[in-house]
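This report refers to the structure that appears directly beneath it.
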Amino acid sequence: MRKILAILLVLVMAFSLAACGASGSDVTTYKVGVAIYQYNDNFMTLYREEIEAYFKTLETDTVKYDITMVDGGNDMNTQSGQIDNFITQKMDVIILNLVQTSSADVLIDKIVAADIPLVLINREPLAYDADGNTLDEAYEGILNNAKVCYVGADARQSGTYQGEIVAALENKGDMNGDGVVKYIMVQGDPENIDAQYRTEFSVKALDDAGINSECLLTQVGNWDQGKGQEITASALTQFGADLDLVFCNNDAMALGAAAAIEQAGRVVGEDILLLGVDALDEAVKRVGEGTMTGTVLNDHIGQSHKAVDVAVQLLKGEAIENYYWVDYVKVDKAYVEANG
Ligand code: BGC
């Protein structure tokens, strides 16, 4: 009898130790895998830092988040390997910023098959698969999966706001008075729906305002500041005073364009206009001073908090929606003056 009691006691102790975790207190630690398409991206740097910071604020004495964040280096194979590792490590939830939206299905399939909840961020998987079907058609059911969602902003809105900022100017963007708003479009990664929609809807907003416009050049700058500068510099040489307006799909490229404009001796607001998206601090400062015409707040705080909140809901086994949208905000000079 005594022996049995002793065995029982040992069993009870062993059980309670296992349930209590290493510290001996009652702590649950969730393993969170965060895969970022590329660390070397101004906007995604703010976004990923906020993911980590916000998870920290949600920790309590009994709930901890063990975050493993990895850099995809803008390489799909690297990212695919990182997702394999997350699956092997049995992450409790994955937050994924895709390198390639056209391969979204491959990664989503793996994660769903491993029964790990998934929050996609920033790059909406709305591209085409190898057969030319949109992922919605081809993978109907995947984004409708109860444990998969996308958190992002509707890029059409940001493009529209860029065009509306131009349309609201007294000269409606016609800086040299030749009757046509001649622009260049410095594009982000063309596979990215944000780049596609911003390109399309900025110009649509000009059309909708009855503005006569002409595209002098569309060139891919891949979201990168240095490329934005190169493209704008050569366009300024090629088109000279004909060029009224530089649309950039993001602020990083717009900051590069601003440097090229200054080097060419042109002056934003006087003989040329410059628009970006994201509302990076430096861009907002420029809008306030007038060295950029406008930008659009891509709310990395709202998006990262929503992504984390939904991840936490998934960890608790709560029901979620499949799409969460965070609004953009138009940032022109008046907005900066009013909001400091
Ligand atoms: C941002 C860009 C960023 C891209 C990364 C976009 O929403 O506006 O600045 O480079 O996301 O995917």
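Is it the case that Ile108 is crowded, with 17+ Cβ neighbours inside 10 Å, at pLDDT 95 or above, assigned to a helix (DSSP H, G or I) and among the aliphatic types (A, V, I, L, M)? No.
Here is a yes/no grid of residues against (1) surrounded by 16 or more Cβ atoms within 10 Å (Cβ to Cβ); (2) not aliphatic (A, V, I, L, M):
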| site | (1), (2) |
| --- | --- |
| Ala252 | yes, no |
| Gln263 | no, yes |
| Arg266 | yes, yes |
| Asp281 | no, yes |
| Thr295 | yes, yes |
| Ala307 | yes, no |
| Val312 | yes, no |
| Glu318 | no, yes |
| Val336 | yes, no |
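Just checking, which of Asn40, Asn77 is at pLDDT 95 or above, exposed (fewer than 15 other Cβ atoms within 10 Å of the Cβ) and out of contact with any Asp or Glu (no Cβ under 9 Å at 6 or more places or on another chain)?
Asn77
Inspection of the stretch 236-254 identifies at least one residue that is assigned by TED's automatic domain parsing to the domain that holds Val186, within 27 Å of Ile95 (Cα to Cα) and not in a helix (DSSP H, G or I). The residue of the stretch 208-241 that is surrounded by the fewest Cβ atoms within 10 Å (Cβ to Cβ), among those that are free of Cβ contacts under 8 Å to residues at least 40 places away in the same chain and of a type in the set (A, V, I, L, M, F, W, C), is Cys215. Scanning the stretch 155-197 for residues that are within 14 Å of the chain's Cα centre (by Cα) and of a type in the set (Phe, Trp, Tyr) yields one hit, Tyr197.
When Leu107 is tested against (1) out of contact with any Asp or Glu (no Cβ under 6 Å at 6 or more places or on another chain); (2) farther than 30 Å from Lys227 by Cα, just one condition goes unmet, and that condition is (2). Does any residue of the stretch 122-144 turn out to be of a type outside the set (Ser, Thr, Tyr), open to solvent by less than 50 Å² (accessible area, probe 1.4 Å) and modelled with pLDDT of 95 or more? Checking the stretch 122-144: at least one residue is of a type outside the set (Ser, Thr, Tyr), open to solvent by less than 50 Å² (accessible area, probe 1.4 Å) and modelled with pLDDT of 95 or more.
Selection of the stretch 183-221 for residues being among the aliphatic types (A, V, I, L, M) and away from the ligand (no atom under 16 Å from the Cβ) yields Ile184, Val203, Ala205, Leu206, Ala209, Ile211, Leu216, Leu217.
All of Ile211, Ile272 fail the test of being within 15 Å of Lys182 (Cβ to Cβ), touching an Asp or Glu at 6+ places or on another chain (Cβ under 7 Å) and at pLDDT 95 or above, apart from Ile272. Residues of the stretch 93-105 that are open to solvent by 10 Å² or more (accessible area, probe 1.4 Å) and farther than 20 Å from Asp194 by Cα: none at all. The single condition from (1) within 16 Å of the ligand (Cβ to nearest atom); (2) under 29 Å from Leu216 (Cβ atoms); (3) at pLDDT 95 or above that Ala167 fails is (1). In the stretch 308-317, the count of residues that are closer than 21 Å to Thr199 by Cβ and either of a type in the set (A, V, I, L, M, F, W, C) or modelled with pLDDT of 95 or more (or both) is zero.
Taken across the stretch 190-207, residues that are open to solvent by 10 Å² or more (accessible area, probe 1.4 Å), modelled with pLDDT of 95 or more, under 17 Å from Leu280 (Cβ atoms) and among the aromatic types (Phe, Trp, Tyr) do not occur at all.
The values are calculated or read from the model by the stated rules, or taken from the named source; none is laboratory data. Fair warning: this is a prediction, and the values are worked out from it, not measured in the lab. Note that each Cβ is placed from the backbone with ideal geometry, even for glycine, and that neighbours are counted across all protein chains shown. Ligands, DNA and RNA are stripped out before the accessible areas are found, and what is left, the full protein with its side chains, is counted by its heavy atoms. Shrake-Rupley method; radii C 1.70, N 1.55, O 1.52, S 1.80 Å.
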